[in-house]
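Contents: one structure, followed by commentary.
Derivation of every value follows stated rules applied to the coordinates shown; laboratory data play no part. As the structure is a prediction and not an experimental result, all values here were calculated from the model. Virtual Cβ from ideal backbone geometry, glycine too; neighbours counted across all protein chains shown.
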């Protein structure tokens with residue numbers, strides 16, 4: 001080997017060793033830097049032809065387990081989803097009051113029923129009347145507050161989505177920029193690994209927002225996709241778009257059809273144009289986004305449905321009266337005569353009939369004063385076996401009969417208006433169908449209607465009737481509007497006096513007993529939208545039973561959310577520890593490596609020194 005070759009080889013060795021020492025120094029300096037991954041140097045032998053063999057730095061590599069990194073990315077999305085969900089469920093628990101205190105919804109309801117029970121034993125006591133009104137106002141206020149807090153949580157979720165969109169777009173831009181830089185970088189450039197570290201942190205942040213899949217590409221680049229396969233970023237970044245709503249109300253709902261939706265959705269706008277709704281396409285999967293959307297559009301909507309169901313059922317139980325129709329025969333037709341003059345919007349006519357195959361059917365005919373709401377769907381009733389027909393009453397009983405014949409004539413039912421406000425519900429003749437029953441359900445609008453029923457709770461200032469309009473059902477958000485009838489607040493004696501003439505006798509507990517019985521013993525049927533019971537078998541029970549089910553359901557959901565959070569914490573912490581065990585800087589190993597490199601550096605330096613001495617001697621001889 002010539003002296004020149006020896007010199008070239010030792011110089012290459014010095015350069016490679018120096019690069020390795022720089023990497024060790026960087027590892028030690030960044031041992032406690034979050035997101036830093038230990039680096040190593042890959043050296044390769046090179047042939048210099050007549051100049052002999054040498055060595056060079058081929059690449060500076062990061063020490064990591066890509067399989068564990070992929071698992072960590074996936075589970076980080078799950079952990080973020082669990083954290084957000086658990087946080088919201090804990091806040092939702094506070095909406096119903098702290099368990100064991102007198103501020104819980106069921107405690108306030110029990111205080112009201114207790115006050116009514118005391119009133120029934122002393123109906124003429126002004127103190128008992130006043131206490132009943134105060135207890136009713138407390139209950140209405142509790143429902144108002146529950147609605148305000150639930151909608152506040154929905155607004156909080158909406159704002160969380162908006163904030164996360166900004167973070168996601170920043171992360172996507174950062175990933176794209178780093179990919180572009182790496183495209184032109186040499187693998188042996190010390191900045192390459194540092195750029196990859198920064199990109200990994202951006203990817204980790206993105207993974208907390210939504211479930212993603214990372215695909216390795218050439219030149220240390222990566223492409224990031226949603227879990228459903230929609231590309232988010234490569235060398236160019238897509239942009240997420242979301243319109244925040246501001247203050248959300250109970251009436252505002254998200255719908256997959258953008259023309260029917262009141263709330264913003266998450267849209268991905270591709271670099272080359274075109275967009276996709278990530279919510280309707282199911283591309284979000286997990287992470288903060290999925291948790292926020294689930295809370296805003298599902299969990300909290302269901303919670304609102306539950307308190308609305310309590311408010312509406314309580315109001316209707318006290319104010320609605322069902323009156324059976326009178327059996328009648330007109331010619332060859334048989335059926336029932338019903339008086340529909342007292343029906344308000346949302347009130348109903350209920351018909352039961354048996355067809356020629358001996359199958360029984362139920363029909364709910366609902367008064368609708370907003371023609372734009374017609375036709376109604378079967379979702380307008382809580383009974384899955386009902387056929388629902390919405391009818392415009394504007395033209396009077398004769399018009400109602402004509403509309404019903406058009407809608408239900410094929411069933412064999414026949415409707416007519418024999419006089420005044422009477423609606424006749426008849427079969428179409430012998431051997432066709434049998435009309436088993438017909439009745440009307442009307443809402444009491446006066447405090448002196450001559451019965452126990454009364455509009456104790458009202459929708460703002462008007463009786464609650466369950467009216468349906470183009471905007472939806474009156475029941476939606478009713479818990480936020482429910483109040484005690486102002487006439488009763490001004491004169492609580494209306495809790496006892498149920499008729500103007502003749503005056504209710506002193507000590508008559510008819511109305512207090514009615515109120516108490518309806519609150520405690522009357523059973524109602526609740527919509528599947530409450531999450532209690534199913535569409536095919538809706539929950540039936542008393543108000544107390546429903547509240548018990550509701551509190552139990554929410555408590556169980558909160559417990560499950562906390563358990564999921566704890567489980568995800570364990571998984572992510574275990575994966576992080578496994579990842580760090582390989583990727584984190586080990587100071588002892590780095591020091592040992594440094595000693596080896598110093599020896600190598602010294603050996604190469606001695607070769608160069610020796611060659612220099614030999615060259616000096618050679619020059620002197622010449």
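What to note about this one:
- Sequence-distant contacts, meaning Cα pairs under 8 Å at least 6 residues apart, place the relative contact order of the range 319-506 at 27 percent.
- Between residue 377 and residue 201, the simple label model (points 7 Å from Cα in the Cβ direction) yields a spacing of 4.9 nm.
- Equivalent ellipsoid dimensions for the range 319-506 as semi-axes, Å, which come from the Cα gyration tensor, largest first: 32, 20, 14
- Exposure proxy ranking, count of Cβ atoms within 10 Å, fewest first, for 279, 307, 571, 368: 571, 279, 368, 307
- The range 463-552 pair-distance distribution - Cα-Cα, 5 Å bins, rounded %: 3, 10, 13, 17, 19, 15, 11, 7, 3, 1
- DSSP finds beta bridges in the range 346-462, and of those with both partners inside it, around 75 percent are antiparallel.
- Gain upon complete extension [residue 581, residue 493; 0.36 nm per residue less C-alpha separation]: 24.0 nm
- Working ranking of peptides 561-569, 164-172 by packing, defined as the average number of other Cβ atoms within 10 Å per residue, highest first, is 164-172, 561-569.
- For the peptides 472-481, 219-228, the ranking by mean Cβ contacts within 10 Å, running from highest to lowest, is 472-481, 219-228.
- Relative to the longest principal axis of the Cα atoms of the chain, helix 543-583 runs at roughly 0 degrees.
- Each label was represented as a point 7 Å from its Cα along the Cα-to-Cβ direction; for residue 323 and residue 355 these points are 3.2 nm apart.
- Residues 515, 248 in ascending order of nearby Cβ atoms (within 10 Å, fewest first): 248, 515.
- On the basis of the beta-carbon distance and an R0 of 41 Å, residue 439 and residue 261 show a calculated FRET efficiency of 0.60.
- Cα-based Rg of the range 306-389 normalised by 2.2 N^0.38 Å, two decimals: 1.27
- 14 Å reach of a label modelled at residue 33, 7 Å along Cα-to-Cβ, counting backbone N of the range 193-231: 193-201
- Averaging the sequence gap over all C-alpha pairs within less than 8 Å and six or more residues apart, then dividing by the number of residues, gives the chain a relative contact order of 19 percent.
- For the chain, calculated [θ]222 nm from helices alone, where every DSSP H run of n ≥ 4 adds -39500 (n - 2.57): -16000 deg cm²/dmol
- For the chain, the longest principal axis of the alpha carbon atoms and the long axis of helix 397-408 meet at an angle near 50°.
- Degrees, to the nearest 10: 300-319 long Cα axis against longest axis of the chain: 10 degrees
- Using the Cβ-Cβ distance between residue 548 and residue 56 with R0 set to 60 Å, the FRET efficiency works out to roughly 0.20.
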